[in-house]
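Okay, so here's the structure we're looking at.
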Amino acid sequence: MMQIQDYTTTINNSSQCSFCHGTMRLYWREVNVWKCSSCGLLSRHPLPSEKDLAKLYQKSWSDPYEHTSETGGKDLDLARNYARRLASSVGFKDFSDLKILDFGAGRGAMLTALEELGADVYAVEPFGYQFLESRGFVTFRTLDEIPEGVVFDGIVAIDVMEHLYAPWNELRRFSQILKDSGWVYIATPNACGLNAKIFRSGWQEVLKPGHLIFFTPRSLQAVLTRCGMRRSRRLRWFIKYNDNPVRTLLHYFLQTLGLGGELSYLAWKS
């Protein structure tokens, strides 16, 4: 996943939200997750050290297909489904002649799916850098490695925002490397989803050690607005994850009601 950086604005040794500076209160005691009373953002407190996270990702990339929660859990068929729906959501039949960056590209499933739809694809993936390069993708370790003057039509960030200390810093950078008409697609665990509400500190997403920040719809909307995205909308795609008819029906209703496990937004720079 993404490069770990030392941000002095994190909530370590502070009762303030690292994003809006509102008051953080203990929310899920067993896993030390706090929630901001102002913007609704959830965060671990204290946050793990940069060194500990680096060890986690290095271990995961030693066997990327075994540790998919850290190296990218989407398979190619699912990524193709996402890519088709994304094209439709931004108003295109495909991505021909568009330059798209996959931020936190993992094992490259979404890169492949976007490329199949005609996109000129690029990746940012620090810990899986060599893995993606070996598959022929143009890959950067960080956003700062992208050559000056290179701009993108779109950026996708799937299952990555939750891995960052302060994801709003990366989102601000997105607005700088997007064309004026550019867009960002974000998918991240939904802290207001039914599973999060029921299982709370036992929620599968909060039990993953690499997950640091958890968004509610309100907090993600606030972050997007403050980071330079002029307009945004929540996406409620119905994506079939398995062939079980009962689970499929349940998933459909949860997505319709905004209680699904994934929070997805499409935002435009202008």
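Each value in this text was obtained by applying a stated rule to the coordinates, not by laboratory testing. Given the structure is predicted, the values throughout are model-derived calculations rather than measurements. All Cβ positions, glycine included, derive from the backbone under ideal geometry; neighbour counts span all protein chains shown.
Since only S69, T256, V150 are under comparison, the one whose Cα sits farthest along the positive direction of the charge dipole of the chain, derived from C-beta charges on Lys, Arg, Asp and Glu, is T256. Taking amide H atoms as placed 1.01 Å from N in the peptide plane, the amide H of Q16 lies under 5 Å from those of M24, each 5 or more residues away in sequence or on another chain.
Would any residue of region 27-48 have its amide N under 19 Å from a label point 7 Å out along Cα→Cβ of I198? List them or say none. What the label zone holds, given the 19 Å backbone N cut-off, is no residue at all.
By the beta-carbon count within 10 Å of each Cβ, the least crowded to most crowded order of E50, E30, E162, fewest first, is E30, E50, E162.
Neighbour counting of Cβ atoms within 10 Å sorts the residues T216, T188, T112, fewest neighbours leading, into T112, T216, T188. In summary, the helical segments of the chain meeting the span-like criteria, namely a full DSSP H run, a Cα extent along the axis of 15 angstrom or more and a mean Kyte-Doolittle hydropathy of at least -1.0, are 76-89, 245-257. In the chain, the convex hull through the Cα atoms has an average projected area of 13.8 nm², a quarter of its surface area. Identify which of R247, R107, R231 has the largest mean-square fluctuation in a Gaussian network model of the chain, with springs joining Cα atoms closer than 10 Å. Among R247, R107, R231, the largest mean-square fluctuation in the Gaussian network model of the chain belongs to R247.
For the chain, the Cβ-based charge dipole about the Cα centre amounts to some 1240 debye (Lys, Arg positive; Asp, Glu negative; other atoms uncharged). Across L26, L41, L207, mean-square fluctuation computed from a Gaussian network of the chain (C-alpha pairs under 10 Å connected) peaks at L207.
If you build a Gaussian network model of the chain, linking Cα atoms that sit under 10 Å apart, which residue out of Y57, Y65, Y122 swings the most? Evaluated over the chain, the most mobile residue of the options is Y65. Of the residues F140, L207, L41, the one whose Cα sits farthest toward the positive end of the charge dipole of the chain, with +1 on the Cβ of Lys and Arg and -1 on the Cβ of Asp and Glu, is L41. I'd like the GluC sites (Glu not before Pro) in region 167-270 restricted to DSSP loop residues with at most 10 other Cβ atoms within 10 Å, sorted by number. Of the GluC sites (Glu not before Pro), not one in the loops of region 167-270 has a Cβ with at most 10 other Cβ atoms within 10 Å. For the pair region 88-136 and region 173-220, the centres of their Cα atoms are 20 angstrom apart. Stokes-Einstein at 4 °C, 1.567 mPa s, Kirkwood radius from Cα pairs: D for region 107-229 in µm² s⁻¹? Approximately 82 µm²/s, per Stokes-Einstein.
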